[in-house]
Amino acid sequence: MQPPPPKLFRYEAVWSGKQEGRDIIESVWPAHGEQNNPVGCFKASLERCREKLQRWAKSNARDTKKKLRTNLQKLRSLQESNQGDLNGRITDAQKQVNELLEEEELNCSQLQNQLALKKRYRN
């Protein structure tokens, strides 16, 4: 029995929206490739980029879910104890929650597109 093929690397759209993701790409991608072997240089850079982005993304996904739970609890607490004096803090907390929810929505949307493509090509 053959082992399953390796999982394809797919760039996640949410990575470009984060400075950390852009920094990873810039750090592993050489400004000038080897002139005598540009294909080899490209492949090596792509592999380094894949490894670092996947490692960072896995850690970042856990952090995002944790931040979302924490910020939702903070928002609820502020809303429950508000007597008109916490409106600015509530607005800030809502913005943070909305940013995290938009990130989650982008991840889910991209995953749905990938699954639809996979299903279409299976048939």
Could you grab me the full set of residues in the stretch 66-88 that are more than 25 Å from residue 17 (Cβ to Cβ) and among the basic types (Lys, Arg)?
76
Quick check on the stretch 98-111. Is at least one of its residues farther than 28 Å from residue 29 by Cα, at pLDDT 90 or above and either part of a helix (DSSP H, G or I) or not β-branched (Val, Ile, Thr) (or both)?
yes
Filtered residue count, the stretch 80-105, keeping only those that are farther than 21 Å from residue 15 by Cα and either under 27 Å from the mean Cα position of the chain (by Cα) or surrounded by 13 or more Cβ atoms within 10 Å (Cβ to Cβ) (or both):
7
Please find, among 50, 69, 22, the residue that is under 22 Å from residue 6 (Cβ atoms), within 19 Å of the chain's Cα centre (by Cα) and modelled with pLDDT of 80 or more.
50
Taking the stretch 7-60 and keeping residues in a loop (DSSP other than H, G, I, E, B) and under 25 Å from residue 108 (Cβ atoms) leaves 7, 8, 9, 10, 11, 12, 17, 18
Yes or no: residue 60 among the polar types (S, T, N, Q), under 19 Å from the mean Cα position of the chain (by Cα), surrounded by 12 or more Cβ atoms within 10 Å (Cβ to Cβ) and under 30 Å from residue 28 (Cα atoms)?
yes
Residue under evaluation residue 116, criteria (1) exposed (fewer than 12 other Cβ atoms within 10 Å of the Cβ); (2) in contact (Cβ under 8 Å) with a residue 12 or more places away in the chain, criterion not met
(2)
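The values are calculated or read from the model by the stated rules, or taken from the named source; none is laboratory data. This structure is a prediction, so every number in the text was calculated from the model and none was measured. Neighbour counts run over all protein chains shown; Cβ positions are idealised from the backbone, glycine included.
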